[in-house]
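What follows is one structure encoded as structure tokens, with my remarks underneath.
What follows draws every value from the coordinates through simple rules; no lab data is involved. The structure presented is a predicted model; accordingly, all values stated were derived computationally and were not measured. Cβ: placed from backbone, ideal geometry, glycine included. Neighbour counts: every protein chain shown.
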Ligand code: TYD
């Protein structure tokens with residue numbers, strides 16, 4: 001499942017006026033975008049995320065600054081660098097994710113396939129491992 005976590009490069013149009021990056025639901029993003037949120041002002045030593053979701057898929061884009069995303073499927077782990085505004089990472093359902101190493105100017109944009117539902121979050125890592133063993 002970890003191999004489903006993939007970097008996506010978005011089309012960008014740059015000219016002397018600056019850059020424009022295009023992100024279209026159901027095209028560049030492999031789902032219908034139902035929710036957008038963004039994270040900024042997180043210190044370098046903060047670890048965010050630390051959860052998995054039963055239903056939601058996500059794409060994370062550092063539209064400013066940089067951060068790292070560690071993904072874990074209970075067996076394998078992989079670290080992705082988000083360091084360009086036209087690159088996103090796709091995260092499928094049921095992947096455990098940590099976001100960390102935020103630069104001071106980091107603005108991490110998150111596109112989600114579902115509306116927010118606290119009940120679809122797994123926030124305990126031991127529970128996550130049990131869930132994945134039963135998959
Ligand atoms: P949290 O899940 O801790 O964020 P992160 O994924 O960065 O670790 O969310 C922080 C708070 O915001 C928490 O109280 C739940 C709330 N929240 C919403 O109400 N709606 C949302 O879409 C999200 C992502 C969080």
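Stretching residue 116 away from residue 47 to a fully extended chain increases their span by 22.8 nm, per 0.36 nm per residue minus the current alpha-carbon distance. Modelled spin-label separation between residue 68 and residue 105, with each label point placed 7 Å from Cα along the Cα-to-Cβ direction: 2.1 nm. This ranking places 2, 89 by how few other beta-carbon atoms lie within 10 Å of each, fewest first, which gives 2, 89. What residues of region 41-73 lie in the reach of a label at residue 127, counting those whose backbone N is under 14 Å from a point 7 Å from the Cα along Cα→Cβ? The answer is 50-55, whose backbone nitrogens lie closer than 14 Å to the label point. Stokes-Einstein, applied to the Kirkwood radius of region 2-133 over Cα pairs at a viscosity of 0.692 mPa s and 37 °C, places its translational diffusion at 216 µm² s⁻¹. Could you tell me how far the Cα centroid of region 59-94 sits from the Cα centroid of region 1-36, in Å? Distance between centres, Cα-based: 13 Å.
In this rough spin-label picture, where each label sits 7 Å from Cα along the Cβ direction, the residue 84-residue 6 distance is 1.7 nm.
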